[in-house]
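The values are calculated or read from the model by the stated rules, or taken from the named source; none is laboratory data. Since the model is a prediction, treat every value here as computed from it, not as a measurement. Note that we place each Cβ from the backbone using ideal geometry, even for glycine, and neighbour counts take in every protein chain shown.
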Amino acid sequence: MNPITGCAPDQFINGASTAPMDRPLTFAVLGAGARGSAYADLALKRPGQAEVVAVAEPREKVRAAFAARHGLGPEFCFADWRQLLDRPRIADVAVVAVQDAEHREAAVALAELGYQLLLEKPMATTEEDCDAIAEAARRGGVALALCHVMRYTPYTVKLKELLQAGAVGDVVSLEHLEPIGYYHFAHSFVRGNWRREDESSPLLLAKSCHDIDWICDLVGQRVSRVSSFGSLTHFRAEAAPEGATDRCVTCPLQDTCAYSAATVYREGLRKGGTKQYFTHIAAAGELTESAVTAALTDGPYGRCVYRSDNDVVDHQVVGLEFEGGVTASFTLTAFTPLENRHTKIFGTRGQITGDGRHIEVYDFRSETRTIHDTSLDGSAAAEGHAGGDEAMFNAFVDALHSGRPDLIVSGIETSLASHRVVFAAERARKNRTVVEL
Ligand SMILES: NC(=O)c1ccc[n+]([C@@H]2O[C@H](COP(=O)([O-])OP(=O)(O)OC[C@H]3O[C@@H](n4cnc5c(N)ncnc54)[C@H](O)[C@@H]3O)[C@@H](O)[C@H]2O)c1
């Protein structure tokens with residue numbers, strides 16, 4: 001008998017079930033960081049259908065705050081997700097929101113215990129580990145939704161509707177840009193969690209498995225060939241301006257350096273939005289002057305961007321050829337303002353230009369432009385990924401709660417296929433070759 005729901009184990013829904021549930025779908029959140037907390041907050045918006053019943057989080061203060069927010073007793077709070085393995089399953093769903101390198105171990109073990117999986121991207125850090133997760137989910141008969149939130153935004157839904165309706169005829173090629181943004185890049189990929197391949201993963205996997213997945217989803221064909229180029233050109237010691245010191249708080253250049261942590265995180269204290277989201281992370285959740293000063297003085301986020309231990313690329317391009325001949329080019333770069341992604345789709349009867357919110361359709365025959373405003377903006381994590389976080393979470397809840405597995409559009413097989421393209425692109429870049437899939 002499950003201690004929380006009072007249900008016998010066989011009453012748990014599985015990935016193949018089509019029976020609606022008469023109680024809330026229950027969630028154990030693994031990692032109460034930025035992503036785990038965001039999904040848990042979305043559960044609060046679905047009372048009666050979704051309920052967080054357990055958390056695993058090593059940071060005591062963070063765990064306590066999470067437990068208070070979701071009304072969890074101490075018996076359902078754990079310092080390590082591995083503690084969930086010693087007991088019968090205590091929730092329907094495990095939200096795997098720990099760091100990338102732990103995804104395989106957690107997802108495989110929890111699928112074996114019969115947890116449905118809401119798994120953060122990237123699926124895992126190697127192709128072999130992605131295969132192992134997919135295999136464990138298939139074997140356990142559990143549902144797996146990868147948090148490819150871009151697939152669920154109102155913008156993407158509209159874009160796919162237009163393409164399927166033939167708004168630009170047959171798609172022939174596509175150009176997609178991910179402007180990561182200079183201070184977002186410095187925060188996450190020079191100073192932060194995803195700065196080193198050996199500790200997390202290559203940038204294309206960590207940041208842009210979303211984009212490769214999204215391009216594959218739009219084109220709807222199998223990728224046949226992949227090429228890629230990219231390197232770390234700027235955030236390295238040789239590029240440091242003269243006089244720069246190891247920490248921004250002691251640096252004489254802090255008023256002129258675009259990447260000064262002192263400027264970015266202090267602005268985050270005063271202003272809301274994405275800078276505040278990053279300040280929250282840098283100062284471990286404490287939005288005070290003293291917490292920021294301490295973080296800048298001793299913590300990883302106070303390091304000079306030219307003297308960190310980062311090794312991931314700061315710009316990269318990927319070329320894709322699909323079966324049937326459609327081609328796509330993808331660029332990611334640190335050197336932009338923080339903006340939405342930009343996309344152009346070239347069809348036999350017209351062109352689509354998209355900025356993450358507006359979709360402009362240019363029709364060759366009538367020479368007219370039609371603009372569709374999908375109303376939600378803000379593609380950053382701090383802004384809920386333009387409605388993607390909420391739409392994905394709701395689709396997952398509805399899929400399992402109402403017995404509609406078809407609502408999960410980022411399931412095992414599509415996610416595995418697009419991750420394979422990312423791994424192929426990295427092989428192409430590192431081996432200076434074109435990879436056939
Ligand atoms: N879908 C998206 O768009 C998106 C955006 C950002 C990050 N992510 C991914 O989400 C995952 C989490 O990222 P984040 O930004 O929330 O990071 P985070 O560092 O804010 O959160 C991770 C949490 O895991 C906790 N943790 C570490 N070891 C643990 C353990 N043994 N047991 C339980 N908890 C443990 C950490 O203390 C931390 O609170 C990563 O895989 C990341 O790549 C996805």
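Results, tabulated for the structure shown:
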item	result
Of all residues in segment 73-90 being more than 14 Å from the ligand (Cβ to nearest atom) and in contact with a helix residue (DSSP H, G or I) (Cβ under 9 Å, 6 or more places away or on another chain), the one that is nearest to Tyr115 (Cα to Cα)	Arg89
Some residue of segment 386-402 being within 26 Å of Glu127 (Cβ to Cβ), touching a Leu at 6+ places or on another chain (Cβ under 7 Å) and not assigned by TED's automatic domain parsing to the domain that holds Met123	yes
Within segment 160-221, helices (runs of 4 or more DSSP H) holding 1 or more residues that are aliphatic (A, V, I, L, M) and touching a strand residue (DSSP E or B) at 6+ places or on another chain (Cβ under 7 Å)	203-206, 209-219
Looking only at segment 245-298, and only at residues there that are surrounded by fewer than 19 Cβ atoms within 10 Å (Cβ to Cβ) and among the small types (Gly, Ala, Ser), the one that is farthest from the ligand (Cβ to nearest atom)	Ala258
Condition met for Val397 (among the aliphatic types (A, V, I, L, M) and touching a strand residue (DSSP E or B) at 6+ places or on another chain (Cβ under 8 Å))	yes
All positions within segment 397-413 that are among the aliphatic types (A, V, I, L, M) and assigned to a helix (DSSP H, G or I)	Val397, Ala399, Leu400, Leu407, Ile412
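Let's see how each residue does on (1) at pLDDT 95 or above; (2) outside the structural domain of Arg196 (by TED's automatic domain parsing); (3) among the β-branched types (Val, Ile, Thr):
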| residue | (1), (2), (3) |
| --- | --- |
| Ala91 | yes, yes, no |
| Val95 | yes, yes, yes |
| Ala101 | no, yes, no |
| Leu119 | yes, yes, no |
| Asp129 | yes, yes, no |
| Ala132 | yes, yes, no |
| Ala165 | yes, no, no |
| Gly169 | yes, no, no |
